[in-house]
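J.: Below is one structure. I have some questions about it.
The values are calculated or read from the model by the stated rules, or taken from the named source; none is laboratory data. Since the model is a prediction, treat every value here as computed from it, not as a measurement. All Cβ positions, glycine included, derive from the backbone under ideal geometry; neighbour counts span all protein chains shown. Accessible surface is based on the protein model in full, side chains and every heavy atom, while ligands, DNA and RNA are left aside. Shrake-Rupley method; radii C 1.70, N 1.55, O 1.52, S 1.80 Å.
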Amino acid sequence: MASSSYEEPSDVLKRLFLPPKDPSLTLSSDYQWLVLTQEPPLPSISLLAKPEEKLAGIRFDPKLLSPSRLDYATSLALQHMVTGDVQKMDLPEDSEGIRYIRFHPSRPTFVFASKVKNEPLLELYKCELVENLWRMKKIPLGCRRMNFVSGCAYQFTAHGGRLLVKTVPANWPDEPPKEPVSVGPSVQVVAKGAADAPGRTYQDLLKNKYDEAKLRHYLTTELLRIDIESLDVKTVGQSGGGRLVRSIQCSPCSRFLLVALTTTFSYSVPISRFGRAVRVWDLDSDGDVEVASVPVDDEIPLGYDTCSRHPRSFQFHPCEDHTIIHALAADGGKSLADPFEGGERDALYVQTLDDRTLTLENPIKWVGLEWRYNDLEFTESGIAMIDEYRWNDRMQRKWMLDDKKESKTRLLWERSWENRYDSPGEPLTRRGKGGKYLIVQPTPTSIYLSGSGASPNGDRPFLDQLDFAAEDIKTTRLWRCAAPLEGELD
């Protein structure tokens, strides 16, 4: 006999093929509390059947304004890391599940988004520790809807006094404009003076003006700032009316925002390579300072160590209030295997913002690199650790750069990243001032290194201390996981 609905397997088969997922873990900024959330083992059929938009290389739910096919946690518990005590919390009354847990940078407080049952709506809640008990409170946004299409809609400022939230602008239409009747062919224009470049294959690219209109409709957001104590809501003036906000970084002093805005669309590359304007917004005023204007990045050569020929990787210096760092290729971003007359292929630049006049100084070269820039981290005392790599022979270097000694670099290691047995590990980080992750320094002249410890007998994680006080760098093994087999293996 035919059934009008899907049949459920027996309890035995459910336990065998649908075991519960391991809980998701989120550690508080002070490392005292662990948030445990439980998600379904598999997405539901109704979730997979939901319509989704596919525009500019991203896929999202057009009703909920979040990445498509996301599951939500159906339970919430907090465990104290020292005592082991666990406090279970009920989800909001009308909640279908929660997601996007974000902790306050310095105290036991976190926020999360709750999916309203049977409605395409995410609501914002705050949890804080009051007299050794966690209390939950809804953050009222009025008629505003949060927008998660380009990432989590909210983040704390560096000092934690405000919560920044991306929302749909007031009086914004619920639906995008209707598709017009075609009266001619779809035309794509190549900009005058554009260079020849190999074409990569991407999914879900824009195809016409209607796709552009839809993407603009779904990505346009206004930025709200919410006082974390009073929950007063104000609009960040520079975002009034809606802007195409791609990313937001808060300065260590919590006054400035480094904002990337999408400016120019393209039919040949995804949104990550669209033209953008990088600007600094002053939260204490309506100040708006231009940092850079970057065109569409559709001329990047093929290769694994190629990059944009325009300024890239903008960020605030985590140990200075008004300093911006960015990278710029000196070789036009081409592969390191291609010949180049200059010695340096990449470089990092710094710019200082005058907080009184809101003017930005011209970029000053901070350090040059012979290979391609990869990553930048800072220690708790302000020493920079810079990674560069070369794809052709899988080599990497790590440099130490004392920011207070005229940019004098010191090589920590040069090695092949494919040699896992000889890996020195990576610097150990923890959340420091302003909520930024900084490299841990047990002494002013040393750092910790941790790694998976690959060996012929399996992975044996380790913890080392690297001391750079003397000319010869010294590494001391502090701990390593016991071998899985009996016998002496070291």
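J.: Among the residues of segment 134-163, which ones are closer than 21 Å to L244 by Cβ and open to solvent by 20 Å² or more (accessible area, probe 1.4 Å)? Step through it out loud before you land on a result.
T.: Pass one, segment 134-163, residues closer than 21 Å to L244 by Cβ: 141, 144-155.
L141, R144, R145, S150, G151, C152, Q155 - these are the residues of segment 134-163 that are closer than 21 Å to L244 by Cβ and open to solvent by 20 Å² or more (accessible area, probe 1.4 Å).
J.: I've got another one for you. Could you tell me whether R415 is within 28 Å of the chain's Cα centre (by Cα), more than 21 Å from S381 (Cα to Cα), modelled with pLDDT of 95 or more and surrounded by fewer than 17 Cβ atoms within 10 Å (Cβ to Cβ)? Steps first, please.
T.: Numbers: within 28 Å of the chain's Cα centre (by Cα): yes; more than 21 Å from S381 (Cα to Cα): yes; modelled with pLDDT of 95 or more: yes; surrounded by fewer than 17 Cβ atoms within 10 Å (Cβ to Cβ): yes.
Taking the combined requirement at face value, the residue satisfies it.
J.: Still on this model: When residues of segment 186-218 are filtered for being open to solvent by less than 20 Å² (accessible area, probe 1.4 Å) and among the aliphatic types (A, V, I, L, M), how many remain?
T.: 2
J.: Would you kindly identify the strands (runs of 3 or more DSSP E) lying entirely within segment 371-490 that contain at least 3 residues that are out of contact with any His (no Cβ under 9 Å at 6 or more places or on another chain) and among the polar types (S, T, N, Q)?
T.: Values: elements: 372-378, 383-390, 395-402, 408-416, 429-431, 437-439, 446-451, 462-467, 474-480.
So the answer is none; nothing clears 3.
J.: Answer yes or no: is there a residue in segment 104-115 that is open to solvent by 40 Å² or more (accessible area, probe 1.4 Å), farther than 25 Å from P173 by Cβ and within 26 Å of the chain's Cα centre (by Cα). Quick ask: steps written out before the conclusion?
T.: At the first step, the residues of segment 104-115 found to be open to solvent by 40 Å² or more (accessible area, probe 1.4 Å) are 106-107.
With farther than 25 Å from P173 by Cβ added as a condition, the list becomes 106-107.
Applying the additional criterion that residues be within 26 Å of the chain's Cα centre (by Cα) yields 106-107.
Yes, segment 104-115 contains at least one residue that is open to solvent by 40 Å² or more (accessible area, probe 1.4 Å), farther than 25 Å from P173 by Cβ and within 26 Å of the chain's Cα centre (by Cα).
J.: Could I ask something else about it? Scan segment 349-401 for residues that are of a type outside the set (D, E), open to solvent by 50 Å² or more (accessible area, probe 1.4 Å) and more than 22 Å from the chain's Cα centre (by Cα) and report the count. Break it down into steps so the answer makes sense when it comes.
T.: First, the residues of segment 349-401 that are of a type outside the set (D, E): 349-353, 356-360, 362-369, 371-374, 376, 378-379, 381-386, 389-392, 394-401.
Next, from what is left, pick out any that are open to solvent by 50 Å² or more (accessible area, probe 1.4 Å): 349, 352, 356-357, 359, 362-365, 374, 381, 390-392, 394, 399.
From what's left, more than 22 Å from the chain's Cα centre (by Cα): 352, 356-357, 359, 362-365, 381, 390-392, 394, 399.
So the answer is 14.
J.: What are the pairs, 6+ residues apart or on separate chains, where a residue within segment 441-452 that is closer than 15 Å to K398 by Cα has its Cβ under 7 Å from a residue that is among the β-branched types (V, I, T)?
T.: I447/T379; I447/I439; I447/V440; Y448/V440
J.: What do you reckon, is K166 within 21 Å of the chain's Cα centre (by Cα), surrounded by 15 or more Cβ atoms within 10 Å (Cβ to Cβ), among the charged types (D, E, K, R) and modelled with pLDDT of 95 or more? Steps first, please.
T.: Working: within 21 Å of the chain's Cα centre (by Cα): yes; surrounded by 15 or more Cβ atoms within 10 Å (Cβ to Cβ): yes; among the charged types (D, E, K, R): yes; modelled with pLDDT of 95 or more: yes.
It is true that K166 is within 21 Å of the chain's Cα centre (by Cα), surrounded by 15 or more Cβ atoms within 10 Å (Cβ to Cβ), among the charged types (D, E, K, R) and modelled with pLDDT of 95 or more.
J.: Sticking with this structure for a sec: Conditions first: (1) surrounded by 15 or more Cβ atoms within 10 Å (Cβ to Cβ); (2) closer than 30 Å to D211 by Cα. L76 passes all but one, so which condition is the exception?
T.: The number of the failed condition is (2).
J.: Of everything in segment 257-272 that's over 15 Å from F314 (Cβ atoms) and buried (at least 17 other Cβ atoms within 10 Å of the Cβ), which residue is nearest to the chain's Cα centre (by Cα)?
T.: My answer is I271.
J.: Okay, next question. Within segment 418-458, take every residue that is within 20 Å of M400 (Cβ to Cβ) and of a type in the set (S, T, N, Q) and give me the one that is least open to solvent (accessible area, probe 1.4 Å).
T.: Taking segment 418-458 as the starting set, the residues that turn out to be within 20 Å of M400 (Cβ to Cβ) are 422-430, 432, 436-451.
This time we only want the ones that are of a type in the set (S, T, N, Q), so: 423, 429, 441, 443, 445-446, 450.
Numbers: S423: 50, T429: 52, Q441: 25, T443: 51, T445: 52, S446: 0, S450: 41 Å².
Step by step, filter segment 418-458, then rank; the result is S446.
J.: Considering every residue within segment 286-298, establish whether at least one is surrounded by 17 or more Cβ atoms within 10 Å (Cβ to Cβ), out of contact with any strand residue (DSSP E or B) (no Cβ under 7 Å at 6 or more places or on another chain) and under 30 Å from Q188 (Cβ atoms).
T.: Within segment 286-298, one or more residues are surrounded by 17 or more Cβ atoms within 10 Å (Cβ to Cβ), out of contact with any strand residue (DSSP E or B) (no Cβ under 7 Å at 6 or more places or on another chain) and under 30 Å from Q188 (Cβ atoms).
J.: Collect the residues in segment 221-256 that are part of a loop (DSSP other than H, G, I, E, B) and either surrounded by fewer than 18 Cβ atoms within 10 Å (Cβ to Cβ) or not aliphatic (A, V, I, L, M) (or both), keeping them in residue-number order. Reasoning before the result, please.
T.: Let us first name the residues in segment 221-256 that are part of a loop (DSSP other than H, G, I, E, B), namely 228-232, 236, 240-242, 244, 251-255.
Hits for segment 221-256 are E229, S230, L231, D232, G240, G241, G242, S251, P252, C253, S254, R255.
J.: Only one of K63, K54 is surrounded by fewer than 20 Cβ atoms within 10 Å (Cβ to Cβ) and outside any strand (DSSP E or B). Can you tell me which? Walk me through how you get there before you give the answer.
T.: Numbers: K54 fails: outside any strand (DSSP E or B).
Unique residue meeting the criteria: K63.
J.: While we're here: Tell me, please, whether a residue that is surrounded by 20 or more Cβ atoms within 10 Å (Cβ to Cβ), in a strand (DSSP E or B) and either touching a residue at least 60 places away in the same chain (Cβ under 8 Å) or among the charged types (D, E, K, R) (or both) can be found in segment 325-345.
T.: no
J.: Let me ask another. Do we find that W134 is of a type in the set (F, W, Y) and part of a strand (DSSP E or B) in this structure?
T.: Spelling it out, W134 is indeed of a type in the set (F, W, Y) and part of a strand (DSSP E or B).
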